[in-house]
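Structure record follows, encoded as structure tokens.
The values are calculated or read from the model by the stated rules, or taken from the named source; none is laboratory data. Every value quoted in this text rests on a predicted model; they were computed, and no experiment measured them. Neighbour counts run over all protein chains shown; Cβ positions are idealised from the backbone, glycine included. Ligands, DNA and RNA are excluded from the accessible area calculation, which covers all protein heavy atoms including side chains. Shrake-Rupley method; radii C 1.70, N 1.55, O 1.52, S 1.80 Å.
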Amino acid sequence: MRRARYRVSLLVVIGVLQSSLGFALQQSGDATPPDRLSKREVQSEHSKALHALNRLTFGPRPGEVEAVEAMGLHNWIEQQLHPQMIDDSDLSHWVGDYKTQFMSPEQMMMNFPNGSIIRQALKGAIPVPADEPVHTVWTSQMAIMQERENRSEKAPPNSVQPAHPATNIEEIIGLPAAARYHALLNAPPLTDIQLLRPLTPARLTALTSGMTLEQQETVGALLRPEQVVIGEAQSVRLLKDIYSQRQLQRVMTEFWMNHFNLYSKKNQIEPYYISQFEQTVIAPHALGSFEDLLVSVAKSPAMLIYLDNARSIGPDSLAAQRRMRPGFQTVHPSLEGINENYGRELMELHTIGVNGGYTQQDVIEAAKVLTGWTVTPMRQGGGFRFNTAQHEPGDKIVLGHTIPDGGENEGIEMLHVLATSPATARFISLKLAVRFVSDHPSSNLINCMVKTFLSTGGDIGRVLQTMVDSDEFWSATDSGNKVKTPLDYVVSSVRATNATVSDASGLLSSLNHMGMPLTGTQEPNGYAMTNDAWNSTSELVSRMNFAVDLTSNRIPGVTVSVRDMLGAGADELSTVQQTSQLEKTLLNGPADRSLSLTLKQMSRARATPPVTTSVAESGDKQPQDRSLSPMKHPSALASASVAAGMIIGSPQFQQR
């Protein structure tokens, strides 16, 4: 059996190398000029439906291609462009139990306190909540901080004496779920931490198995409360991408989350605004007015904190004059001089682009306009606030436009100038076309999209409609020429296999391993959307590993049924029939030449049983071709799982 497994593994490696080589050659040999004059359109209704689902969604789930054909492609696109027409109530089944999505940033902070809050509690500046389990989370964090401070002072602990647990963690893991939870909750300060710290991810999963999501949150918060906040925001976001019926809205939400990039590890405060940013700032405007979206982002605490605008003060403002007073910096250490970060990124990355014609003086003037756009303290709600004292007085000139002295209205006027600029229309249209069409969209397509952008006041949905109405969007030459980003790939894999996700943390870990953690890139320009960023050999290998883990049910919290993929009578299918059915389910069509060759080699290896002593002694010298025989032995579905993984991990599936 080991020899047979080795043989299959070798074929898998050979297949990957063959497919990867063919894919690389296809990419490097694509010398089609940007302005293509003739295009062969995708012909069949099935091909059009599949093409639309691959480009406008995170990929089809089983049966969705047929559903789009039945509805009519035009009607389906119209629905996706107007998501309010789509009933998405079933989504609550997947994300409804994640409670932080319903909390304000202030409420999150009180339930899952960061180090700053805990430090204030240790000093007695704020009271410790009395309600459980929040009280236990606070006291555990206070004990951790006190222990750390004692160690740094090289003095023995005095305020908190860690108790010695009467039981070890393995004994607790052996208890029923509710008993496990209460054992941790009732443990003395530091004892719970001593029990949890050494646990591997696998043992932590065993510890929390069977607990409610809220109980799992509490266990996680005993160690790192802020990580619970980040993890839930990422989990809800990923689950929405997987299960929402409003797929185009989700694709555009991810597009804008990347365009207006945030970094969740910016500081201790940023994590508490990530969920709000996605839910209330980006998603509602994802297919609406670009100007409304731009203003919403500019007023979001998440962006103002990330790009340091909340701390920016004008050089001639009242706050600047107060800074000259003795002791001011001691009382207000967070305030600094004028900060140009947001002014620069607003033009370079959010609107007109690096070639949009702005100068360093424009950056300075934009930064002056935005002084005073700040955030209230978290304990006062943590929302947007315009602080007149921080604002730089006087007129400003941005991109040749005079912005009269007017406080907060200066920012609104400047954002209008930027949102309606032809340079912005071109920059955004190009980014959309690169995301949905090709790395080198034609100038004709971009010009049409720019015209729509300017004539509709930046209506994002109308710009997308212009793109979809173009021959270039439906071109067979462009079909399959885009490499999926890791996020696209992971979500499309889960959708294609119709997997059930009870815990998204395993998928989030996979995204981290593939180099695309959500809100995990520190640079404000986000992740690249072009092929060259994601088609390296290491990328292909990591995706293949993910694919086989997915279809073999080795990703924690994710369940895939290969039997369901094979359909009725799965046990009676030959290996050839199994492969054909898997292609139909996962690719919605036949495998390409490279993948087909690999799958045929695998089918022969799967159909040929290992040679044992008894078989050799039987005198049956002729190998039997069992590729047309039903797979009755116990490893049949396991072998089919590997084949499914090969399909999901293939370059063909990784392309859009």
One residue is enough: does the range 597-605 have a residue meeting the conditions of a type in the set (Ser, Thr, Tyr), buried (at least 19 other Cβ atoms within 10 Å of the Cβ), out of contact with any strand residue (DSSP E or B) (no Cβ under 7 Å at 6 or more places or on another chain) and at pLDDT below 90?
yes
Being in contact with a Gly (Cβ under 6 Å, 6 or more places away or on another chain), at negative phi and in a loop (DSSP other than H, G, I, E, B) is the requirement here; does Asp503 meet it?
yes
What's the number of the only condition in (1) under 18 Å from Tyr243 (Cβ atoms); (2) in contact with a helix residue (DSSP H, G or I) (Cβ under 9 Å, 6 or more places away or on another chain) that Glu69 fails to meet?
(1)
Name the single residue, out of those in the range 508-519 being surrounded by 18 or more Cβ atoms within 10 Å (Cβ to Cβ) and of a type outside the set (S, T, N, Q), that is farthest from Val541 (Cα to Cα).
Leu518
Residues that are at pLDDT 95 or above: which helices (runs of 4 or more DSSP H) entirely in the range 281-357 hold 2 or more of them?
290-298, 301-306, 341-345
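For Gly406, are the conditions met, namely being free of Cβ contacts under 8 Å to residues at least 12 places away in the same chain, within 21 Å of Val295 (Cα to Cα) and not in a helix (DSSP H, G or I)?
yes
Residue-by-condition table, conditions (1) at pLDDT below 95; (2) among the hydroxyl-bearing types (Ser, Thr, Tyr); (3) touching an Asp or Glu at 6+ places or on another chain (Cβ under 9 Å); (4) more than 19 Å from Ile648 (Cα to Cα):
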| site | (1), (2), (3), (4) |
| --- | --- |
| Met516 | no, no, no, no |
| Glu523 | yes, no, no, yes |
| Tyr527 | no, yes, no, yes |
| Ser538 | yes, yes, no, no |
| Val541 | yes, no, no, no |
| Ala547 | no, no, no, no |
| Val560 | no, no, no, no |
| Gly569 | yes, no, no, yes |
| Leu573 | yes, no, no, yes |
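Yes/no per residue for (1) modelled with pLDDT of 95 or more; (2) buried (at least 19 other Cβ atoms within 10 Å of the Cβ):
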position	(1), (2)
Gln79	yes, no
Gln84	yes, no
Ser92	yes, no
Asn111	yes, yes
Ser116	no, no
Ala125	no, no
Val128	yes, no
Trp138	yes, yes
Ile144	no, yes
Looking at the structure I just gave you, is Lys451 under 30 Å from Gln652 (Cα atoms), among the charged types (D, E, K, R), open to solvent by 10 Å² or more (accessible area, probe 1.4 Å) and modelled with pLDDT of 95 or more?
no
Please find, within the range 171-201, the residue that is least open to solvent (accessible area, probe 1.4 Å) out of those that are closer than 26 Å to His93 by Cα and small (Gly, Ala, Ser).
Ala177
Filtered residues of the range 52-71 (kept if open to solvent by 10 Å² or more (accessible area, probe 1.4 Å) and either in contact with a His (Cβ under 8 Å, 6 or more places away or on another chain) or among the small types (Gly, Ala, Ser) (or both))
Gly63, Ala67, Glu69, Ala70
Given (1) buried (at least 20 other Cβ atoms within 10 Å of the Cβ); (2) in contact (Cβ under 8 Å) with a residue 40 or more places away in the chain, where does Asp439 come up short, assuming only one miss?
(1)
Identify, from the list Arg379, Arg385, Arg426, the residue that is more than 26 Å from Ser455 (Cα to Cα) and in a helix (DSSP H, G or I).
Arg379
Residues of the range 554-598 being assigned to a loop (DSSP other than H, G, I, E, B) and either aliphatic (A, V, I, L, M) or free of Cβ contacts under 8 Å to residues at least 60 places away in the same chain (or both), which ones?
Arg554, Ile555, Gly557, Val560, Gly567, Ala568, Gly569, Leu573, Pro590, Ala591
Evaluate the following for Ser475: is it at pLDDT below 95 and open to solvent by less than 10 Å² (accessible area, probe 1.4 Å)?
yes
Subset of the range 391-436 that is of a type in the set (Lys, Arg) and either open to solvent by 10 Å² or more (accessible area, probe 1.4 Å) or out of contact with any strand residue (DSSP E or B) (no Cβ under 8 Å at 6 or more places or on another chain) (or both) - its residue that is farthest from Gln655 (Cα to Cα):
Arg426
Positions within the range 496-507 being touching a helix residue (DSSP H, G or I) at 6+ places or on another chain (Cβ under 8 Å), farther than 18 Å from Ile230 by Cα and open to solvent by 50 Å² or more (accessible area, probe 1.4 Å), in sequence order:
Asn498
Quick one: how many residues across the range 70-87 are under 24 Å from the mean Cα position of the chain (by Cα) and farther than 14 Å from Gln249 by Cβ?
0
Could you run through the range 190-238 and say how many residues are in contact with a Leu (Cβ under 7 Å, 6 or more places away or on another chain), modelled with pLDDT of 95 or more and of a type in the set (D, E, K, R)?
1
Looking only at the range 209-227, how many residues end up being among the β-branched types (Val, Ile, Thr), assigned to a helix (DSSP H, G or I) and either open to solvent by 20 Å² or more (accessible area, probe 1.4 Å) or free of Cβ contacts under 8 Å to residues at least 12 places away in the same chain (or both)?
0
